[in-house]
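I have placed the structure first, in the form of structure tokens, so that the comments after it can refer back to it.
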Amino acid sequence: MDTELFERVRSRVQASVSEKRYAHSMRTAKMAEEMCLRYGVDAEKGLFAGMAHDLCKDCSDEALFSLAAKDGCVISDLEKRIPALLHGRAAAVVLHESFGVQDADILQAIAQHTLGDANLCALAKIIFAADKIEPGRSQSTDEYRKRLLSLSLDEMTLSVVQENIDFLTSRGKQVAAASLAFRDSLLAAITVQR
């Protein structure tokens, strides 16, 4: 990974989000790096994608719609109702357009880290999970992370996705179709692996 690119993007993240969000981004980056080493994925890509995943988290709704519209994917009704769900897709567009990031795995990982999707690459699974289990999250004790990281990549990711679905359901919130497809694709992959 190009250290100059990393530093340029890191500076942009730091300038674009709150101090609390920046700290979360850096914890996610370290968590993703650790997970990449554990699961045999390029750790530099994990560090970069984790650091950059929330680049557009504090953007206006208008900016999120404008940026996400450039990725060629449909904006779902749920995303129209809750534009903040588009922040990963928007970040991937900014990284591609403004920083020249071409790596398909990095762009997918950042674009899909909020809701997930069916058949994601290994890096995207790691970023999805790292975002939700980094040490600053209330449920993420050392024991919790140790248990998750003892599982295979798909099993660990499935556990995190299901926990997220259960959390939303318990609060009467809609679960995105992409999240359900993500869960189902992980279940299918685990069944094949067994």
Could you check region 28-42 and list, in sequence order, the residues that are surrounded by fewer than 18 Cβ atoms within 10 Å (Cβ to Cβ) and part of a helix (DSSP H, G or I)?
LYS30, LEU37, ARG38
So VAL192 passes all but one of these: (1) open to solvent by 30 Å² or more (accessible area, probe 1.4 Å); (2) in contact (Cβ under 8 Å) with a residue 24 or more places away in the chain. Which condition number does it fail?
(2)
Taking the stated definitions as given, is GLU4 closer than 17 Å to GLY100 by Cβ and without any contact (Cβ under 8 Å) to a residue 12 or more places away in the chain?
yes
Elements of type helices (runs of 4 or more DSSP H) in region 77-184, at least 1 residues being open to solvent by 20 Å² or more (accessible area, probe 1.4 Å) and within 21 Å of ARG12 (Cβ to Cβ):
87-99, 104-111
Mind checking which residues of region 1-21 are assigned to a helix (DSSP H, G or I) and farther than 14 Å from CYS59 by Cα?
THR3, GLU4, LEU5, PHE6, GLU7, ARG8, VAL9, ARG10, SER11, GLU19, LYS20
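Would you pick out the residues in region 44-72 that are open to solvent by 10 Å² or more (accessible area, probe 1.4 Å) and within 15 Å of the chain's Cα centre (by Cα)? Don't jump to the end; show me each part of the working.
Start the filter on region 44-72 by keeping residues that are open to solvent by 10 Å² or more (accessible area, probe 1.4 Å), which leaves 44-45, 47, 57-63, 65-67, 69-72.
Those that are open to solvent by 10 Å² or more (accessible area, probe 1.4 Å) and within 15 Å of the chain's Cα centre (by Cα): LYS45, LEU47, LYS57.
The values are calculated or read from the model by the stated rules, or taken from the named source; none is laboratory data. It should be emphasised that the depicted structure is a prediction, and the values quoted were computed from it without experimental measurement. All Cβ positions, even for glycine, are placed from backbone atoms using ideal geometry, and neighbour counts span all protein chains on display. These accessible areas exclude ligands, DNA and RNA; they are computed on the full protein's heavy atoms, side chains included. Shrake-Rupley method; radii C 1.70, N 1.55, O 1.52, S 1.80 Å.
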